Amino acid sequence: MLITLEGLDGSGKTTVWEVLREEYPEFVFTREPTDTWYGDAVNRSMGDDDADPVAELFLFTADHAAHLADTVRPALEAGNIVVSDRYSDSRYAYQAVSIDDAVPRPLEYIRGVHQPWTRPPDATIYLDVDPETGAARSGATNKFEQAAYLSQVQQNYERLMKAEPERFVKVDATQSPEEVLDSVIDVFGRLLEEHDDFAPDE
Ligand code: TYD
């Protein structure tokens, strides 16, 4: 089973992922951007205000393809539960905003690029925070962390959730960190129970 964590910058996603990693040491925890040279390329591009947004989309996408091949698929094939801090929805939500001037129907376009070869998540926990809080908490240090940009990213996440309500679980991330963690651990427990019900022999 593949579970992903998504949310705006400043939603507290990475903290949640770190706590989950301590709670469930038997699972495989991973993230995008990765810490490979593909991820380095992505980080370089993110640090460059003049980076071409279409080129940047494909750097993120290359990082995802390599992540699938070297980490996600092998771990799933070995029967592991995989938890990824950001995954394909981050591209659908973020890069659809960046390439909006270059490509018509950008969200559909990016989904189409992934669709033939990606492995969709079985469940996605969305940490829901408003763009102003997200931008303020993240310190607005990169070009994606501005409230106006995050507000469009949030609209894309909302569209994704509307299209696949059964995959997403929304958690209110404006609560205190302890409350967010409790909610996510609850959701996680439920997802694992459902998974065991469906796949008792796995
Ligand atoms: P991340 O390291 O998860 O930052 P944070 O922990 O603050 O959420 O992600 C770094 C940035 O990369 C974040 O601003 C979102 C952006 N991003 C994309 O725009 N597209 C993607 O496909 C991914 C994986 C991340």
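The values are calculated or read from the model by the stated rules, or taken from the named source; none is laboratory data. Because the structure is predicted, anything quoted here is derived from the model rather than measured. Positions of Cβ are backbone-derived with ideal geometry, glycine not excepted, and every protein chain shown enters the neighbour counts. Side chains included, ligands, DNA and RNA excluded: accessible areas come from the protein's heavy atoms. Shrake-Rupley method; radii C 1.70, N 1.55, O 1.52, S 1.80 Å.
On the basis of being modelled with pLDDT of 95 or more, open to solvent by 70 Å² or more (accessible area, probe 1.4 Å) and farther than 22 Å from Glu193 by Cβ, does Tyr38 make the cut?
In short, yes.
Among the residues in region 178-201, are any within 30 Å of Pro106 (Cα to Cα) and open to solvent by less than 60 Å² (accessible area, probe 1.4 Å)?
So far as region 178-201 goes, no, none of its residues is within 30 Å of Pro106 (Cα to Cα) and open to solvent by less than 60 Å² (accessible area, probe 1.4 Å).
Can you name every residue in region 1-22 that is touching a strand residue (DSSP E or B) at 6+ places or on another chain (Cβ under 7 Å) and more than 13 Å from the ligand (Cβ to nearest atom)?
Leu2, Ile3, Leu20, Arg21
Could you figure out which of (1) within 14 Å of the ligand (Cβ to nearest atom); (2) in a loop (DSSP other than H, G, I, E, B); (3) open to solvent by 40 Å² or more (accessible area, probe 1.4 Å) isn't true of Pro25?
The number of the failed condition is (1).
Give just the number: which of (1) over 22 Å from Val42 (Cβ atoms); (2) of a type in the set (Asp, Glu); (3) in contact with a Pro (Cβ under 6 Å, 6 or more places away or on another chain) does Asp100 not satisfy?
Of (1) over 22 Å from Val42 (Cβ atoms); (2) of a type in the set (Asp, Glu); (3) in contact with a Pro (Cβ under 6 Å, 6 or more places away or on another chain), only one is false for Asp100: (1).
Sort out which residues of region 30-52 are near the ligand (Cβ under 10 Å from one of its atoms), part of a helix (DSSP H, G or I) and of a type outside the set (Gly, Ala, Ser), and write them in order of number.
Val42, Asn43, Met46
Only one of Ser183, Ser98 is over 16 Å from the mean Cα position of the chain (by Cα), farther than 26 Å from Ala62 by Cα and modelled with pLDDT of 95 or more. Can you tell me which?
Exactly one residue qualifies, and that residue is Ser183.
Scan region 115-146 for residues that are surrounded by fewer than 21 Cβ atoms within 10 Å (Cβ to Cβ), near the ligand (Cβ under 10 Å from one of its atoms), under 17 Å from the mean Cα position of the chain (by Cα) and not in a loop (DSSP other than H, G, I, E, B) and report the count.
1
With the requirement that a residue be open to solvent by less than 20 Å² (accessible area, probe 1.4 Å) and either outside any helix (DSSP H, G or I) or farther than 22 Å from Phe168 by Cα (or both), what does region 89-114 give you?
Once the filter is applied, which keeps residues that are open to solvent by less than 20 Å² (accessible area, probe 1.4 Å) and either outside any helix (DSSP H, G or I) or farther than 22 Å from Phe168 by Cα (or both), region 89-114 yields only Ile99.
When residues of region 161-177 are filtered for being in a loop (DSSP other than H, G, I, E, B) and either aliphatic (A, V, I, L, M) or under 28 Å from Leu107 (Cβ atoms) (or both), how many remain?
The total comes to 6.
Here are the criteria: (1) out of contact with any Pro (no Cβ under 9 Å at 6 or more places or on another chain); (2) at pLDDT below 95; (3) part of a helix (DSSP H, G or I). Tell me which single one Thr15 does not satisfy.
(1)
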